[in-house]
Amino acid sequence: RKPGAVRFNGGMNYRHAYHAGNFADVMKHTALVAVLLHLRKKQAPFAVIDTHAGRGLYDLSGTEAGKTGEARQGIASLGDAPAGNEVLQTYLDTARSFGSATYPGSPLIAARLLRPQDRLVAIEKHPEECEALTTALKPFHKTRAVCADGYERLAALLPPPERRGAILIDPPFEAPDEFAQMADALGNALRRFATGIYLLWFPIKTKSDADALSGEVLARGATKLLRLQLDVGASAEGRLTQTGLLIVNPPYGFDAQMREALSALAAPLGRGRPAQWSVEWLAGEG
Ligand code: SAM
């Protein structure tokens, strides 16, 4: 059995603790930080919605993380950010601010980067994970954990009254139809909030999965779409080695920032060779 994904049970077997801080988290969270830094450039408030938030804080010295060792080849393998790289510096400072044995998931990274006028809604369906998330978010002003189905709740939260915001859709991909659910949720969301910045995480098991999802997202009305891909090379025990992120309405300059970040991450994240990566416009360049 693969840790973190046992048998399909309505998406309720997955535990992010097995994967927290791995190469996929590093790329996803670096991109999230780049988007949040962009939103912070204007005084006007923004909202962040995390539809599949997880438990918020992960113990890297715990049994789950120890079993896979994924964080050791992810966050723990990174050195300092290159001088002047604000995105990587902010990601590393934020991730490390919880201590070297604890990794913050997306809701905690967002919570740390909110200003007093901004707001986070973090949705998590698994009751135990959501209870932990509720506790982890307690110290943070203007954050809310919602124990519910992220796809169902998303529509009701859009458009946010702030009319500015980022939405992260990061499901466990245990369900055979997760790609279709994700594309449907994005289509509904875009009808309500066309100018939102959407980050959609996906695993790359075959090239056709990534292309099919990208095609569905374009068919659902995305007019500005960027795709990031990262391949770290050799796999231990058949674990995931390639990951992708689709960004709908990426902010100005985000593509260049991610090229810089990924080129700095390629050596530490690569296994036996530098990681291979790409940043590619699928619609509406710039
Ligand atoms: N976004 C988190 C991060 O970056 O730190 C990681 C999330 S993890 C990949 C996916 C989470 O989605 C799991 O905690 C799982 O329990 C939860 N989940 C599964 N199905 C869900 C649903 N329909 N709605 C909300 N959460 C769900």
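The values are calculated or read from the model by the stated rules, or taken from the named source; none is laboratory data. Model, not experiment: these values are computed from the prediction. With ideal geometry, Cβ positions are generated from the backbone for all residues, glycine too; neighbour counts draw on all protein chains shown. Ligands, DNA and RNA are stripped out before the accessible areas are found, and what is left, the full protein with its side chains, is counted by its heavy atoms. Shrake-Rupley method; radii C 1.70, N 1.55, O 1.52, S 1.80 Å.
Just checking, which of LEU88, LEU108, LEU120 is under 18 Å from the mean Cα position of the chain (by Cα) and away from the ligand (no atom under 16 Å from the Cβ)? Walk me through how you get there before you give the answer.
On the way: LEU108 fails: away from the ligand (no atom under 16 Å from the Cβ); LEU120 fails: away from the ligand (no atom under 16 Å from the Cβ).
After ruling out the rest, the residue left standing is LEU88.
Quick one: ALA17 ticks every box in (1) open to solvent by 10 Å² or more (accessible area, probe 1.4 Å); (2) at pLDDT 95 or above; (3) closer than 13 Å to PRO104 by Cα bar one, so which box is it?
(2)
Going by the structure shown, is LEU240 over 27 Å from PRO274 (Cα atoms), aliphatic (A, V, I, L, M) and within 16 Å of the ligand (Cβ to nearest atom)? Let's see the steps before the verdict.
Values: over 27 Å from PRO274 (Cα atoms): no; aliphatic (A, V, I, L, M): yes; within 16 Å of the ligand (Cβ to nearest atom): yes.
No: the conditions fail for LEU240.
So which residues in segment 86-101 are surrounded by fewer than 17 Cβ atoms within 10 Å (Cβ to Cβ) and either touching a residue at least 40 places away in the same chain (Cβ under 8 Å) or assigned to a loop (DSSP other than H, G, I, E, B) (or both)?
Selection gives GLU86, SER97, GLY99, SER100, ALA101.
Working carefully through the options LEU57, LEU39, find the one that is more than 7 Å from the ligand (Cβ to nearest atom) and either over 12 Å from GLY105 (Cα atoms) or open to solvent by less than 10 Å² (accessible area, probe 1.4 Å) (or both). Before the answer, list the steps.
Working: LEU57 fails: either over 12 Å from GLY105 (Cα atoms) or open to solvent by less than 10 Å² (accessible area, probe 1.4 Å) (or both).
Going through LEU57, LEU39 in turn, the sole match is LEU39.
Only one of these conditions is not met by LEU154: (1) within 14 Å of the ligand (Cβ to nearest atom); (2) outside any helix (DSSP H, G or I); (3) farther than 18 Å from THR243 by Cβ; (4) touching a strand residue (DSSP E or B) at 6+ places or on another chain (Cβ under 8 Å). Which number is it?
In the conditions (1) within 14 Å of the ligand (Cβ to nearest atom); (2) outside any helix (DSSP H, G or I); (3) farther than 18 Å from THR243 by Cβ; (4) touching a strand residue (DSSP E or B) at 6+ places or on another chain (Cβ under 8 Å), LEU154 misses (2) alone.
If we scan segment 169-182, do we find a residue that is touching a Pro at 6+ places or on another chain (Cβ under 6 Å), at pLDDT below 95 and of a type outside the set (D, E, K, R)? Write out each step before concluding.
Going through segment 169-182, the residues touching a Pro at 6+ places or on another chain (Cβ under 6 Å) turn out to be 173, 178.
Of the ones still in play, those that are also at pLDDT below 95 are 173, 178.
Now narrow it down to the ones that are of a type outside the set (D, E, K, R): 173.
The answer is yes; a qualifying residue exists.
Okay, residues lined up against (1) within 14 Å of ASP50 (Cβ to Cβ); (2) touching a helix residue (DSSP H, G or I) at 6+ places or on another chain (Cβ under 7 Å); (3) free of Cβ contacts under 8 Å to residues at least 40 places away in the same chain:
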position: ASP118; (1), (2), (3): yes, no, no
position: GLU124; (1), (2), (3): yes, yes, no
position: ASP149; (1), (2), (3): yes, no, yes
position: ASP170; (1), (2), (3): yes, yes, no
position: ASP177; (1), (2), (3): no, no, yes
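Just the residues that are basic (Lys, Arg) and part of a strand (DSSP E or B), please, taken from segment 197-227.
ARG227
If I ask for residues that are assigned to a helix (DSSP H, G or I) and open to solvent by 60 Å² or more (accessible area, probe 1.4 Å), which ones from segment 234-286 would you list?
Once the filter is applied, which keeps residues that are assigned to a helix (DSSP H, G or I) and open to solvent by 60 Å² or more (accessible area, probe 1.4 Å), segment 234-286 yields GLN257, ARG259, GLU260, SER263, ALA267.
Given the residues GLY215, GLY150, which is the only one that is open to solvent by less than 10 Å² (accessible area, probe 1.4 Å) and either at pLDDT 95 or above or among the aromatic types (Phe, Trp, Tyr) (or both)?
The conditions single out GLY150.
Can you tell me which residues in segment 36-83 are within 27 Å of HIS126 (Cα to Cα) and among the hydrophobic types (A, V, I, L, M, F, W, C)?
Scanning segment 36-83 gives LEU36, PHE46, ALA47, VAL48, ILE49, ALA53, LEU57, LEU60, ALA65, ALA71, ILE75.
Filter segment 173-189 down to residues that are more than 10 Å from the ligand (Cβ to nearest atom) and open to solvent by 30 Å² or more (accessible area, probe 1.4 Å) and give me whichever is farthest from LEU158 (Cα to Cα). Walk me through it before giving the result.
Filtering segment 173-189 for residues more than 10 Å from the ligand (Cβ to nearest atom) gives 176-177, 179-180, 182-184, 186-189.
Remaining after also requiring open to solvent by 30 Å² or more (accessible area, probe 1.4 Å): 176-177, 179-180, 184, 188.
On the way: PRO176: 27, ASP177: 24, PHE179: 21, ALA180: 20, ASP184: 15, ASN188: 10 Å.
The selected residue is PRO176.
Filter segment 127-145 down to the residues that are hydrophobic (A, V, I, L, M, F, W, C) and more than 9 Å from the ligand (Cβ to nearest atom), then identify the one that is surrounded by the fewest Cβ atoms within 10 Å (Cβ to Cβ). Steps first, please.
Keep residues of segment 127-145 that are hydrophobic (A, V, I, L, M, F, W, C), which gives 130, 132-133, 136-137, 140, 145.
Right, trim to more than 9 Å from the ligand (Cβ to nearest atom) and you get 132, 136-137, 140, 145.
Values: ALA132: 19, ALA136: 24, LEU137: 22, PHE140: 17, ALA145: 25.
Here the answer is PHE140.
Residue under question is ARG72, and the condition is that it be of a type in the set (Lys, Arg), assigned to a loop (DSSP other than H, G, I, E, B) and in contact (Cβ under 8 Å) with a residue 12 or more places away in the chain; does it hold?
The answer is no for ARG72.
If you take the residues of segment 102-126 that are open to solvent by less than 60 Å² (accessible area, probe 1.4 Å) and among the charged types (D, E, K, R), which of them is farthest from ALA267 (Cα to Cα)?
By that ranking, first place goes to ASP118.
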